[in-house]
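Reviewing the structure listed below.
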Amino acid sequence: MQRDRLVRALFIITGVAMVAEGIINVLGFPWLKQVLHGDALMRGWMASAQAVGGLIGALLIGRVSRLVRPVYLIGLSGIVLGLVSLALINVTALPIDASLWLPAALLLKLLQGVPIMGLFVSVDTLLQQSVADRYRGRIFGAYGAISALAILCGQAAASLLGDRVGLVQVLNWMGIMYLLAGVCALMLLRGSGARWHAQPAEPAGVVAELG
């Protein structure tokens, strides 16, 4: 990790993005209930919409990666994910009728699934391709530990600040963290020699990846 610039960059990108994952893990359902006045059934529809978006993203990622370098695929996926997430969290502020808030949220949730795959699957694939066999177990062990720690940091921040600052305000930081992950990718992966050695595989556990 200390010697390889590419591995360090991928750890940083994932760490930033996983903080966002921790925030939405804690505040996602309270936001749905308090802001959109949705129920458990709506929560299921939202999860399904994101899973459908993930399936679409999984189908597209192999084709797109043939045309787009990893730096741009990962970076633009993070930026698009951040923008879509901000639009979703602030859907009640969009210039649309209140009766359209829930349908708009479902559409945005579906759209959110596509760049999720572009970001996380691409990072996982690039990391696997960039690490020698003899180091891969240790690197992925550290990668999982840092991801879990970043999620925990996001969960702790959301738990402490959700009531004090406000759900929407804290969840906006989720979108900002995704944007930051994309910007980090564009900055840190450029010039790092990141290249696809094979096309990113279409993941078997798409729904699990979407959290």
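Checking each residue in region 1-34 for being charged (D, E, K, R), part of a helix (DSSP H, G or I) and out of contact with any Leu (no Cβ under 9 Å at 6 or more places or on another chain) picks out E21, K33. Close contacts from region 3-14, counting a first residue that is within 15 Å of Q129 (Cβ to Cβ) and a second that is of a type in the set (S, T, N, Q) and part of a helix (DSSP H, G or I), with Cβ to Cβ under 6 Å and a gap of 6+ residues or different chains, come to L6/S130.
Scanning region 96-150 for residues that are of a type in the set (A, V, I, L, M) and touching a Pro at 6+ places or on another chain (Cβ under 6 Å) returns V121, L126. Reported count of residues in region 35-49, each being assigned to a helix (DSSP H, G or I) and under 18 Å from L86 (Cβ atoms), is 2.
Look at region 184-198: where a residue is within 11 Å of Y72 (Cα to Cα) and among the basic types (K, R) and a partner is part of a helix (DSSP H, G or I) and modelled with pLDDT of 60 or more, sitting 6+ places away or on another chain with Cβ atoms under 6 Å, you get R190/V71. When the residues of region 1-31 are filtered to those that are among the charged types (D, E, K, R) and closer than 16 Å to L127 by Cα, the one that is surrounded by the most Cβ atoms within 10 Å (Cβ to Cβ) is D4. When each of L110, L127, L59, L100 is tested for being in a helix (DSSP H, G or I) and under 16 Å from the mean Cα position of the chain (by Cα), the lone residue that passes is L110. For A40, are the conditions met, namely being over 27 Å from I146 (Cβ atoms), touching a residue at least 40 places away in the same chain (Cβ under 8 Å), surrounded by fewer than 20 Cβ atoms within 10 Å (Cβ to Cβ) and small (G, A, S)? Against the criterion (over 27 Å from I146 (Cβ atoms), touching a residue at least 40 places away in the same chain (Cβ under 8 Å), surrounded by fewer than 20 Cβ atoms within 10 Å (Cβ to Cβ) and small (G, A, S)), A40 does not qualify. Taking the criterion of being surrounded by fewer than 19 Cβ atoms within 10 Å (Cβ to Cβ) and of a type in the set (S, T, N, Q), the residues of region 85-120 that qualify are N90, T92, S99. A count restricted to region 132-144 and to residues that are out of contact with any Leu (no Cβ under 9 Å at 6 or more places or on another chain) and crowded, with 17+ Cβ neighbours inside 10 Å stands at 0.
The values are calculated or read from the model by the stated rules, or taken from the named source; none is laboratory data. The shown structure was predicted, so the numbers you read here are calculated from the model rather than taken from an experiment. Ideal geometry is used to build each Cβ from the backbone, glycine not excepted, and the neighbour counts take in all protein chains shown.
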